[in-house]
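What follows is one structure encoded as structure tokens, with my remarks underneath.
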């Protein structure tokens, strides 16, 4: 495998989990809920949720780093409809996946003469999911820019197409939504797609990490 691909894979495996942990903690770094003036009287701030448009198109980049044979990379397109501030429906979320062999695959080819084409490979993944907003928060970037954040649970069903057959999947994950304006967001998503009826599958073999840009409209 070329050195550039090795570097990209190692960077992805280290950078994405670290970034995920940081993004989970970020909304609470400078949280203060009550303040006191000189007379000792508590002052509380009252916040209202900003209006966010209900329809959303997303584009993004997906990584599937946990497959034992391939590093999966792909492009993502989706459409979501939010019904209220708590519930939404990810009507469709589709990924076209491309793979790069892992050392295990290369070892099987070199040592056991296994043809790479005989190893099952992900090609396409499509799903539909419900989304429930677990929490709202606010983040302060560079001690100046205040941004709304949302944490959403994602669960649903999908279809996983491989080089051998298509499987029905059960999907479960979480999404972090950084709202830049009423029309635009950055999203970071972790979803595990578990294929039903497929043998010898580890729990996270088909888990995906996705960075998305979201464009909203009425």
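Annotations for the structure displayed:
- Across segment 53-75, the qualifying residues are those that are under 21 Å from residue 132 (Cβ atoms) and either surrounded by 17 or more Cβ atoms within 10 Å (Cβ to Cβ) or without any contact (Cβ under 8 Å) to a residue 60 or more places away in the chain (or both), and the one among them that is farthest from the chain's Cα centre (by Cα) is 56.
- Filtered residues of segment 186-204 (kept if touching a residue at least 60 places away in the same chain (Cβ under 8 Å), touching a strand residue (DSSP E or B) at 6+ places or on another chain (Cβ under 8 Å) and not in a strand (DSSP E or B)): 204
- Here 168, 130, 172 are screened, and the one residue that is outside any loop (DSSP other than H, G, I, E, B) and either touching a residue at least 40 places away in the same chain (Cβ under 8 Å) or touching a helix residue (DSSP H, G or I) at 6+ places or on another chain (Cβ under 6 Å) (or both) is 130.
- Residues satisfying the stated conditions in segment 205-218, i.e. part of a loop (DSSP other than H, G, I, E, B) and either in contact with a strand residue (DSSP E or B) (Cβ under 6 Å, 6 or more places away or on another chain) or more than 24 Å from residue 133 (Cα to Cα) (or both): 205, 206
- With respect to the conditions (1) modelled with pLDDT of 95 or more; (2) surrounded by fewer than 16 Cβ atoms within 10 Å (Cβ to Cβ), residue 154 lacks only one, and its number is (2).
The values are calculated or read from the model by the stated rules, or taken from the named source; none is laboratory data. Since the model is a prediction, treat every value here as computed from it, not as a measurement. Methodologically, a virtual Cβ is constructed for each residue, glycine included, from the backbone with ideal geometry; neighbour enumeration extends over all protein chains shown.
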